[in-house]
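Below is one structure, written out as C-alpha cells; comments come after it.
The values are calculated or read from the model by the stated rules, or taken from the named source; none is laboratory data. In this text the structure is predicted, and so the values were computed from the model without any measurement. Neighbour counts run over all protein chains shown; Cβ positions are idealised from the backbone, glycine included.
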Amino acid sequence: MKGSFKLGNIAGIGIFIHWTFSILIAFIIFSNYRQGQSAIQILWSVLFVISIFITVFLHELGHALAAKRYNINTKDITLLPIGGLARLERIPEKPSEELVVAIAGPTVNIALAAITGLLISVPDTESMTLQLTASVNSSNFFLNFLVVNIWLALFNLIPAFPMDGGRVLRAILSMNMDRRRATNIAAKIGQVLAMVFVFIGFYANPFLIFIGLFIFLGAQAEASMTQAKFILAGYTVNDVLMRHYETISASDTVKTAVSMLLNGQTKTFLVTENEVPVGTVSRDEIILALSNKGENEIISRIMNNDLLFLDADTSLEKAYLQMQQHKSTLMPVMLDQKLIGTVDNENILEFLMVKNASTTKE
Ligand SMILES: [Zn+2]
C-alpha cells in the first residue's frame, strides 16, 4: 500500500505501518494537551493506543498464521489508523479451513483478554465503570486493555461481511450447502444487520451508521464476487472472445479515428503497429485529443499503452481478477503469440448476466 513503511518481517510476512498513523498519535497528543493533561497522562494515552495497535497486529497475525497451516501465504500486514489489514493470497474455499482462518483473529483477542484477566484483579461492576470512565493511567491500563480486547473480539464476530463473523457464518453454512448459496444467505443476514445498525445509529451513535454502511457494501461485494467466480469457473477467455474487432494503426491520425467512430459502433479501438497490439484508444480519448490537439495528432501519442495481454486458454475466473487489478477495458487475446481477438469488460459483464439469468431460472 502506498505511503506505508516497513517495520520488519515475521514468519516471512512483511509488516507495514501507514504514515497516517502518525496523524492519529499527533491528534491524541494534541487533544490531550488541549484538555490540560499532564505529560505523564499524555504518555499513558499514547501508550494505550500503541498497545491497541499491537493487539490489532496480533489479530491479523492470527489470521495469517492460521492460513499458513493450509499453505496460504500472506503478502503483508498493514496497520492503518482504522485497523489492520492482512493480505492473504487467497481465502480458503474449504469450509473447515475458512472457519479456522476466520476465527483465528478473534481468538487472539479472547486469549489476550483471558491472559490479562488472570494477571490483574478484575474489580466489581461499580468500580469497574468508575475506572473505565477515567483517563488511562497506570492503575487502569490493563483493565482498559482487557475490555478493548473483548470488544474487538465481539465486533469482529458480528456475523456480516466483511467482518470475520461473516466468514465464520458462511463457513458454517457451506458445510451443509454449496458455497454460493451460503455466501448469498450470509450476505443477506449481514445486510439486514447493517440496516439495523444504521437504524439504531440514527438514535444512539452516529458511528453505527458508518459501520452499517461499511458492512452493507462489504456484503454486496462479497456476494457478487462469489457469484462471479462461481459462474466464470469452467470457462476460458476463448468463450467470450470477440473475433470481430476494429484496429487502428499507431501511425494513423485523430482524423481517421474520428471517421471510424462515426462509421461504427466501436467505443474502444485496439491500436496496432505492424499487426502487433501496442495500446488502446477510447472514444473519450479521441474526442479529447480532437479538441485539445487537433485532427492531425498521431494516435500513438494519445493512446493508452498499458496493455493487458490475455491468453485464450486462461480461465475466465483468473482473467476477470487480472482485469480488475489492471483496470483496463479492452484486452488483446493471444494464441501462440498471435492476436486472435479481443475481450472487453462489457463482454464479461454480459456473459455474467446471461449466465446468471439462466442459472437462477433452474
Ligand atoms: Zn479479523
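Which condition does THR183 not pass, out of (1) outside the structural domain of ARG87 (by TED's automatic domain parsing); (2) under 28 Å from GLN37 (Cα atoms); (3) polar (S, T, N, Q), if it passes all the others?
Tallying (1) outside the structural domain of ARG87 (by TED's automatic domain parsing); (2) under 28 Å from GLN37 (Cα atoms); (3) polar (S, T, N, Q), THR183 fails exactly one: (2).
Can you tell me which of LYS6, LYS94 is surrounded by fewer than 12 Cβ atoms within 10 Å (Cβ to Cβ), away from the ligand (no atom under 16 Å from the Cβ) and not assigned by TED's automatic domain parsing to the domain that holds ARG180?
Criteria check complete, one pass: LYS6.
SER138 fails exactly one of the following numbered conditions: (1) over 22 Å from GLU60 (Cα atoms); (2) in the same structural domain as ILE52 (by TED's automatic domain parsing); (3) in contact (Cβ under 8 Å) with a residue 24 or more places away in the chain; (4) surrounded by 13 or more Cβ atoms within 10 Å (Cβ to Cβ). What is the number of that condition?
All conditions are met except number (4).
Looking only at residues in region 162-189 that are within 12 Å of the ligand (Cβ to nearest atom) and part of a loop (DSSP other than H, G, I, E, B), which one is farthest from ALA102 (Cα to Cα)?
Step by step, filter region 162-189, then rank; the result is PRO162.
In region 101-122, how many are farther than 17 Å from LEU61 by Cα and either within 15 Å of the ligand (Cβ to nearest atom) or part of a helix (DSSP H, G or I) (or both)? Can you show your working first?
Applying the first criterion (farther than 17 Å from LEU61 by Cα) to region 101-122 yields 114-122.
Next cut, either within 15 Å of the ligand (Cβ to nearest atom) or part of a helix (DSSP H, G or I) (or both) only: 114-119.
Residues in region 101-122 being farther than 17 Å from LEU61 by Cα and either within 15 Å of the ligand (Cβ to nearest atom) or part of a helix (DSSP H, G or I) (or both): 6 in total.
Do you know which residues across region 240-285 are under 35 Å from the mean Cα position of the chain (by Cα), surrounded by 13 or more Cβ atoms within 10 Å (Cβ to Cβ) and assigned to a helix (DSSP H, G or I)?
VAL240, ARG283, GLU285, listed by residue number.
Search region 139-161 for residues being in a helix (DSSP H, G or I) and not hydrophobic (A, V, I, L, M, F, W, C), and hand back the single one that is nearest to LEU112 (Cα to Cα).
That would be ASN149.
Looking at region 288-306 only, could you name the residues that are crowded, with 16+ Cβ neighbours inside 10 Å and within 33 Å of the chain's Cα centre (by Cα)?
Answer for region 288-306, where residues must be crowded, with 16+ Cβ neighbours inside 10 Å and within 33 Å of the chain's Cα centre (by Cα): ILE302, MET303.
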